[in-house]
């Protein structure tokens with residue numbers, strides 16, 4: 001009894017908050033839940049990012065659901081990467097039963113089932129708001145990193161973007177990028193060499209193969225228009241934050257596409273959101289389920305980019321939470337940036353597992369109440385070791401925690417419920433219109449056709465066409481590059497001209 005009171009007092013002293021917070025659960029000591037030993041998570045520190053880890057079936061996805069629910073109730077919107085398809089149920093109320101009511105009573109919270117405002121989204125064939133971005137918005141740096149190019153190949157990509165800037169050729173989708181690669185080694189070879197120097201056909205061929213590899217994972221659906229405006233993630237309905245669930249069940253086998261999308265999203269949020277500093281609560285929280293998919297196939301350049309964004313995006317009022325099986329799935333340089341850590345049980349079936357558990361235990365603060373490595377293997381479903389940052393940025397005491405139950409449905413929506421949700425969405429009507437406007441591909445094709453027609457009229461038919469370009473031809477090319485479609489695509493061109501150091505759009509969408 002004395003030990004329990006001491007445990008409760010240590011938690012209370014470490015969690016005295018002047019700002020808003022939510023209750024994640026209650027502390028457990030010697031296998032018993034301690035009433036009054038509530039585990040509080042302050043909203044002020046949630047832009048310091050977080051980790052939710054644990055073996056399969058230990059309840060980490062439900063913990064993610066609980067945190068997203070509590071944020072929504074506090075008016076904070078969130079974005080959930082749903083790779084297993086079990087997070088859409090947040091839109092519907094949960095079901096109460098004796099077990100859940102008893103659990104809630106022990107924790108000291110009321111259980112009130114309710115549905116929360118949800119927006120379904122997709123980068124593939126799943127139903128929902130179609131998330132897209134143009135090649136121009138990525139910029140040469142990001143495109144090169146996603147494709148894993150060497151320095152020479154990066155130079156080719158930079159050349160193409162520069163040429164398109166100068167000649168007003170919008171790069172909207174992968175079709176445009178591939179056509180430009182063909183152009184620099186075929187019809188435009190002479191002009192390119194004169195202006196920029198010789199381009200290696202071998203480098204161009206390698207880049208082309210990497211683009212095709214990306215296309216095979218479905219990236220052609222992601223690149224294009226209409227570009228998604230990340231401000232639309234930051235919405236409220238009826239005073240509650242909207243939970244944007246990005247449905248990625250058909251992307252698990254396409255890690256290249258997933259990492260491409262994630263980096264694009266993080267870069268766009270960082271470049272678009274204004275500086276906010278340390279506010280009383282975050283502006284937006286992102287939850288990346290199955291986070292190892294982001295890191296397993298990423299190049300070192302890509303990892304460096306993600307690390308840089310994770311470090312800097314905090315000042316924009318954005319928190320990022322990685323959900324994965326073990327902390328070692330996340331690079332140490334990123335793991336060290338995470339303030340909230342929720343560690344569910346790990347399994348020790350092999351010698352390798354036992355070593356991983358020892359290493360995992362070292363990631364958490366020492367506790368006089370627990371032997372962390374032992375607790376890691378003995379926790380039940382819905383239990384976790386939790387430590388957060390308090391309002392002063394100091395880690396709270398490590399606590400074996402009984403996590404509260406989700407108030408929303410712990411299951412997927414039915415096809416009919418998904419259809420109803422999509423049909424009522426304003427964003428679906430805003431973004432789900434297929435647009436294939438004239439861009440680099442069509443403009444180059446038209447220029448070549450018109451140039452050939454002029455040459456056939458002006459030059460003798462028997463003369464070879466190897467070097468027929470005249471001053472009149474050059475004037476025609478220049479004039480064609482200034483057609484009305486350029487004015488129509490003015491927004492895209494301005495983005496090309498305002499790319500920032502991160503290689504993506506730095507201006508504010510209109």
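Checking each residue in segment 228-246 for being in a loop (DSSP other than H, G, I, E, B) and under 17 Å from residue 68 (Cβ atoms) picks out 234, 235, 238, 239, 242.
Would you call residue 381 in the same structural domain as residue 25 (by TED's automatic domain parsing), in contact (Cβ under 8 Å) with a residue 12 or more places away in the chain, crowded, with 20+ Cβ neighbours inside 10 Å and within 25 Å of residue 65 (Cβ to Cβ)?
On the way: in the same structural domain as residue 25 (by TED's automatic domain parsing): yes; in contact (Cβ under 8 Å) with a residue 12 or more places away in the chain: yes; crowded, with 20+ Cβ neighbours inside 10 Å: no; within 25 Å of residue 65 (Cβ to Cβ): yes.
For residue 381, the condition - in the same structural domain as residue 25 (by TED's automatic domain parsing), in contact (Cβ under 8 Å) with a residue 12 or more places away in the chain, crowded, with 20+ Cβ neighbours inside 10 Å and within 25 Å of residue 65 (Cβ to Cβ) - is not met.
Can you pull out every residue in segment 84-118 that is part of a helix (DSSP H, G or I) and touching a helix residue (DSSP H, G or I) at 6+ places or on another chain (Cβ under 9 Å)?
88, 89, 90, 91
Put simply, of 89, 128 the only residue that is surrounded by 18 or more Cβ atoms within 10 Å (Cβ to Cβ), over 19 Å from residue 342 (Cβ atoms), touching a residue at least 12 places away in the same chain (Cβ under 8 Å) and over 19 Å from the mean Cα position of the chain (by Cα) is 89.
State yes or no: is residue 171 under 30 Å from residue 425 (Cα atoms) and either assigned to a helix (DSSP H, G or I) or outside the structural domain of residue 233 (by TED's automatic domain parsing) (or both)? Show your work before the answer.
On the way: under 30 Å from residue 425 (Cα atoms): yes; either assigned to a helix (DSSP H, G or I) or outside the structural domain of residue 233 (by TED's automatic domain parsing) (or both): yes.
Judged against the criteria, residue 171 is a match.
Determine if segment 155-171 includes at least one residue that is closer than 21 Å to residue 442 by Cα, within 20 Å of the chain's Cα centre (by Cα) and at pLDDT below 90. For segment 155-171, residues closer than 21 Å to residue 442 by Cα, within 20 Å of the chain's Cα centre (by Cα) and at pLDDT below 90: absent.
The residues on offer are 53, 4, 68, 37, and the sole one that is crowded, with 17+ Cβ neighbours inside 10 Å, farther than 14 Å from residue 388 by Cβ and modelled with pLDDT under 90 is 4.
Do the conditions hold for residue 139, that is, is it under 30 Å from residue 417 (Cα atoms) and buried (at least 22 other Cβ atoms within 10 Å of the Cβ)? No: the conditions fail for residue 139. Residue-level analysis places residue 177 among those that are in the same structural domain as residue 193 (by TED's automatic domain parsing), surrounded by 23 or more Cβ atoms within 10 Å (Cβ to Cβ) and at pLDDT 90 or above. Among the residues of segment 339-365, the ones that are surrounded by fewer than 17 Cβ atoms within 10 Å (Cβ to Cβ) and either modelled with pLDDT of 90 or more or not in a loop (DSSP other than H, G, I, E, B) (or both) come to 7 in all.
In segment 211-227, the count of residues that are in contact with a strand residue (DSSP E or B) (Cβ under 6 Å, 6 or more places away or on another chain), without any contact (Cβ under 8 Å) to a residue 40 or more places away in the chain, outside any strand (DSSP E or B) and surrounded by fewer than 22 Cβ atoms within 10 Å (Cβ to Cβ) is zero. Counting only residues that are on the phi > 0 side of the Ramachandran plot and over 18 Å from the mean Cα position of the chain (by Cα), segment 201-250 holds 2 of them.
The values are calculated or read from the model by the stated rules, or taken from the named source; none is laboratory data. Remember, predicted model here, so these are calculated numbers, not experimental data. Note: ideal-geometry Cβ built from the backbone for every residue, glycine included; neighbour counts use all protein chains shown.
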